[in-house]
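These notes are about the structure you will find just below.
Just so it is clear, none of the values below were taken in a lab; they were calculated from the coordinates. Since this is a predicted model, take the numbers as computed values, not measurements. Cβ sites come from the backbone with ideal geometry, for glycine too, and all protein chains shown count toward neighbours.
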Amino acid sequence: MKKIAVHLAEGFEEIEAISIIDVLRRADLDIEIVSMNKTMEVTGSHQITVKADTLFEDLDYDNIDMIVLPGGMPGAANLKAHSGLREQILNFNDMKKPLAAICAAPMVFGNLGLLKEKQATCYPGFEDELHGAIITGEAVEEAGNIITGKGAGVAIDFALKIVEKFKGKEVANELGAKMIVQ
C-alpha cells in the first residue's frame, strides 16, 4: 500500500490538513501525520491542536511514497524554514516521487526551484514565492510529479487529485460522488 506523509507545522491550515487526511484515508491510502515539532501535538492557525502519528525525525522516508504540505500561516513558513524537510523534498524530486502542496505551502517548492517552467497555483499573494512557475490561478494543478492547490476552499478537490494519482480517476470520481463533491 502506498504511504503518504502529511506534514504539520505550527500554524497549519486546519481545513486543508484534516480534509486531505480524511479524503486520503477514505480512499484506503496509508497516511502518516508528521509533526514538525519536537512533540506529537501541533496547533493550527485557528488554535485547533492535532495529534500526529510520528515526529519528523522518526519517519523513514524510504518507506514514503509522497510528501504533502498543507498551507496556512505561519505553518507554510515553518515548513519552508525546516532544513530537514527541504532536504527530503529535494530527494523526492530527484527521484520523481510525488510532492503536493496547497495554499501558501507551494512556496516551499518554489523557493527550492522545483516549480520553474511548471504550471502551479497557490493562495493569492504568494505567487512571487513560486520562483519561475507558470502561475495559472486554477484550483488545482498537476505538473509532472508536483500537485499544487489554491487554498482551503479546494482542499477536497486537491485531495481527490492525490487519490487520482494513486488509485486512478474512476476511484477519485466515485469517492467524490459519495462525498457529494460538486
### Query
What whole number of Å gives the distance from the Cα centroid of segment 133-182 to the Cα centroid of segment 21-88?
19 Å
## Note on the structure
Of the listed pairs 51/169; 118/178; 80/178; 2/80; 38/80; 80/167, those with alpha carbons more than 27 Å apart are 51/169; 118/178; 80/178; 80/167
### Message
Please arrange 58, 65, 157 by how many other C-beta atoms lie within 10 Å of their C-beta, fewest to most.
### Response
58, 65, 157
### Query
With each pseudo-label sitting 7 Å past Cα toward Cβ, what's the residue 40-residue 54 distance in nm, one decimal?
1.4 nm
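Compute and list, largest first, the equivalent-ellipsoid semi-axes of segment 1-79 from the alpha carbon gyration tensor, each √(5λ) rounded to a whole angstrom.
19, 14, 10
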#### Entry: Gyration tensor (Cα) of segment 34-173, equivalent ellipsoid semi-axes in angstrom
21, 17, 17
